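See structure below.
Just so it is clear, none of the values below were taken in a lab; they were calculated from the coordinates. These figures come from a predicted structure and were not determined experimentally. Every residue, glycine among them, receives a Cβ derived from its backbone with ideal geometry; neighbour counts consider all protein chains shown.
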Amino acid sequence: MEKAYRKITTRVLQEMKEKGEKIAMLTAYDFTLGKIIDGAGIDVILVGDSASNVMAGHETTLPITLDQMIYHASSVIRGVEHALVIVDLPFGSYQGNSKVALESTIRIMKESGAHGVKLEGGAEITKSIERIISAGVPVMGHLGLTPQSIYKFGTYNVRAKEEAEADKLCEDALLLQELGCFALVLEKIPAQLAEKVTASLSIPTIGIGAGPKVDGQVLVLHDMLGLNNEFHPRFLRRYASLFDTITDSVKNYITDIKSLDFPNEKEQY
Ligand code: KIV
C-alpha cells in the first residue's frame, strides 16, 4: 500500500522540534535523486552548493553560480511532492549587499519554485537575512564550518573548539533566531557545543558532524550513498556502496558487449 506522507513546511519542522521528533535532511541536485529521496520520506531536501564539488568536480563551493543553483533547484523541485526544499545562496550572491541578496533570493524562488534559502554566516550578514525574511522568504542559517569561508579557515577541520569562536557561534545562533531564521545548520562543531546551542534555541538545529543532541541531521546524499570512495570524515555514515555497485555494473556491461552476450534474442526487435 502507498504510504501517505505529510507535506513538510517550516511550521511542521517547528512542531517536530517541540515534540522531540528528529528532522531528516539530505542534499539533492537533480530530478531523479530528488524524486527518490522524496518518495522515501525525507523531511527536508537541501539543494546545497556542495553541488559545486559533487556535481561539477570543483575543489570548493565557491565557483558555483546563481544560474547553476537555479538549474539544480528547479530539477529537484520537479520531482518533489512532500519535502521542504531549501536552496543554498551561492558565494557572492548575498554577502555585503542586502539588495543583491534579495534579488538573488527572488530569482531562486521564482525560477526554481523552491521553498526557502540557506545562507552561511552570522552577524556579518544580518542585513541580507532581514531583507530576505521581510520579503516573506524562509531562511535557514548555517554556522560552524561554513565552506564558503574555506580560504579564511584554511582547513576543513572542526570549528569553534576555542572559547572565543564558540562564544561567537552561540551569539550568532541567538541572533539568527531573533532575525527570524526558521532553522539552523550546525556544521562540524564539538557535540557539546551543538547541544548547548540547541538547548538555547526555540528553532530547530540540524547538524552535520555536530553530534546527536541536535534536532535533526543532514548529510550529502552522494557521500551517504558511497558514491565517493575518497571521502571518509568521522561524521559520515555510509548506507550503500554505490561506487562499487556502479563500477561492477559498468564492468559487466562492457564484458557482455565484448563477449556478444548483449543484446540477446529477447533484447531486440
Ligand atoms: O552545501 C551543502 O551540502 C551543505 C550541507 C553540507 C549542510 O551546506
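Taking the criterion of being more than 16 Å from the ligand (Cβ to nearest atom), within 25 Å of Leu169 (Cα to Cα) and either under 17 Å from the mean Cα position of the chain (by Cα) or without any contact (Cβ under 8 Å) to a residue 24 or more places away in the chain (or both), the only residue of region 101-123 that qualifies is Thr105.
Scanning region 56-81 for residues that are within 11 Å of the ligand (Cβ to nearest atom) and aliphatic (A, V, I, L, M) yields Ile64, Met69.
Looking only at region 108-128, how many residues end up being closer than 22 Å to Lys188 by Cα and charged (D, E, K, R)? Residues in region 108-128 being closer than 22 Å to Lys188 by Cα and charged (D, E, K, R): 3 in total. Among the residues making up region 198-222, those that are without any contact (Cβ under 8 Å) to a residue 40 or more places away in the chain and either among the aliphatic types (A, V, I, L, M) or surrounded by fewer than 22 Cβ atoms within 10 Å (Cβ to Cβ) (or both) are Ala199, Ser200, Leu201, Ile208, Gly211, Pro212, Lys213, Val214. Does Asp223 qualify as being within 20 Å of Gly48 (Cβ to Cβ), within 11 Å of the ligand (Cβ to nearest atom) and not hydrophobic (A, V, I, L, M, F, W, C)? In short, yes.
One residue is enough: does region 40-47 have a residue meeting the conditions farther than 15 Å from His222 by Cα and in a helix (DSSP H, G or I)? So far as region 40-47 goes, no, none of its residues is farther than 15 Å from His222 by Cα and in a helix (DSSP H, G or I). Under the condition of being closer than 17 Å to Ala166 by Cα and either out of contact with any strand residue (DSSP E or B) (no Cβ under 9 Å at 6 or more places or on another chain) or among the hydrophobic types (A, V, I, L, M, F, W, C) (or both), the residues counted in region 212-238 number 1. A count restricted to region 23-39 and to residues that are away from the ligand (no atom under 11 Å from the Cβ) and not in a helix (DSSP H, G or I) stands at 3. Give region 97-120 a look and list any residue that's touching a Ser or Thr at 6+ places or on another chain (Cβ under 8 Å), part of a helix (DSSP H, G or I) and not acidic (Asp, Glu), or say none. Passing the criteria: Ser98, Val100, Ala101, Leu102, Ser104, Ser112.
Among the residues of region 79-101, is there at least one that is surrounded by fewer than 21 Cβ atoms within 10 Å (Cβ to Cβ) and in contact with a Phe, Trp or Tyr (Cβ under 6 Å, 6 or more places away or on another chain)? Yes, region 79-101 contains a residue that is surrounded by fewer than 21 Cβ atoms within 10 Å (Cβ to Cβ) and in contact with a Phe, Trp or Tyr (Cβ under 6 Å, 6 or more places away or on another chain).
Against the test of being in a loop (DSSP other than H, G, I, E, B), within 19 Å of the chain's Cα centre (by Cα) and within 16 Å of the ligand (Cβ to nearest atom), the options Val214, Val185, Val218 yield a single qualifying residue, Val214.
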